[in-house]
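Notes for the one structure printed next.
What follows draws every value from the coordinates through simple rules; no lab data is involved. Being a predicted model, the structure only gives us computed values, none of them experimental. So basically every Cβ, Gly included, is an ideal-geometry build from the backbone, and we count neighbours across all protein chains shown.
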Amino acid sequence: MIQILRRLFSSSDRLKTAAVLERLPRHIGVIMDGNGRWAKRRGLPRIAGHRAGAKVVRAIVQRANDIGIEYLTLYAFSAENWRRPKTEVSGLMKLFEEVLRADLEQLHANDVKITVIGDLDNVAAGTKRQFQEAIEQTADNSGLRLIIALNYGGRADILRAVNALAARAAAEGRFDTLDEDTFSDSLWTNGVPDPELIIRTSGEMRMSNFLVWEGAYAEFWATQTLWPDFSPDELQAALTDYQNRDRRFGGLTGEGPDAR
Ligand code: FPP
């Protein structure tokens with residue numbers, strides 16, 4: 001027994017444990033998938049799956065805030081999701097509005113700062129207003145930054161940025177060669193560090209136009225669990241897996257920024 005304990009707490013293990021605690025991602029992106037299948041398996045309408053998914057959003061936001069994650073980006077509605085049946089789209093918009101209205105005080109009390117990436121202009125008026133209120137009310141908060149990707153597409157964002165930069169260059173009559181930082185600053189995620197970890201539920205292995213530029217070096221973690229069954233414990237499992245990965249960024253083992 002003593003030997004086992006000694007082995008567990010040998011100095012190299014202690015160092016390893018400390019390193020693992022220190023290697024939390026600053027920014028996690030989540031592709032919440034599987035709400036529809038969850039509902040179908042229960043003979044329920046798809047919106048019931050989204051409602052169940054919204055409960056999980058609450059639990060995950062809370063856990064991420066508790067552990068000290070700085071940025072959490074949730075893929076709530078993609079620019080492609082407009083292709084879904086009208087009733088599902090309007091149901092989702094209403095749900096976003098409802099959840100935000102119901103949870104805003106609590107999120108604010110927990111110091112969560114809410115922002116949106118995506119084109120808010122085309123979403124339902126009530127939903128847009130509720131998001132604007134949430135963004136304004138929580139603007140000075142300094143806890144978890146909760147980024148909702150709404151009517152979001154990674155490619156659309158890249159094109160938007162390129163067009164804005166080109167228009168500026170044309171207006172100024174000159175073009176400075178771009179570097180990665182300047183380009184990143186032109187995206188909806190400007191000022192937000194790239195996600196180190198992207199989680200996708202429901203067994204799908206696609207990026208689906210999520211954080212296309214920002215996620216270039218993200219570690220991908222997938223689970224078969226459908227989003228409404230995802231839990232804070234599973235988030236923790238993803239984090240543990242991430243912490244044990246060797247991030248090389250094209251270099252050799254131990255050479256990445258995480259190697260310090
Ligand atoms: C994908 O599952 C999920 C969505 C398109 C919507 C995500 C929305 C929520 C979790 C609701 C609450 C969110 C917030 C931010 C309050 P799917 O419908 O594509 O599932 P399927 O692949 O099984 O059909």
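Observations on the model:
- Around the amide H of Trp221, modelled in the peptide plane, lie the amide H atoms of Ile198, Ile199, Arg200, all under 5 Å away and 5 or more residues distant in sequence or on another chain.
- The alpha-carbon atoms of the range 81-184 define a convex hull whose volume equals 131 cubic angstrom per residue.
- Taking amide H as placed 1.01 Å from N in the peptide plane, Ile114 has its amide H under 5 Å from the amide H of Thr138, Leu146, each at least 5 places away in sequence or on another chain.
- Test item: Cα-centred dipole of the range 167-260, Lys/Arg +1 and Asp/Glu -1 on Cβ, debye: 180 debye
- Enclosed volume per residue, in Å³, of the convex hull spanned by Cα atoms of the range 164-230: 105 Å³
- Taking trypsin sites (Lys or Arg not before Pro) across the range 140-183, the ones in a DSSP loop with at most 14 further Cβ atoms lying within 10 angstrom of their Cβ are Arg174.
- Oblate is the label for the chain, because a/c, from the alpha-carbon gyration tensor with a ≥ b ≥ c as root eigenvalues, is 1.5 or above and a/b does not exceed b/c.
- For the chain: relative contact order, % (alpha-carbon pairs under 8 angstrom, 6 or more apart): 26 percent
- Share, in percent, of DSSP beta bridges within the chain that are antiparallel, nearest 5: 0 percent
- Cα gyration tensor, the range 123-260 - rounded (a/c under 1.5), prolate or oblate: oblate
- When the helices of the chain are scored as -39500 (n - 2.57) per DSSP H run of n ≥ 4 and the total is divided over every residue, the value at 222 nm lands at -15000 deg cm²/dmol.
- The antiparallel fraction among DSSP beta bridges confined to the range 30-170 stands at about 0%.
- Ordering of 228-238, 181-191 by burial proxy (mean other Cβ atoms within 10 Å per residue, highest first): 228-238, 181-191
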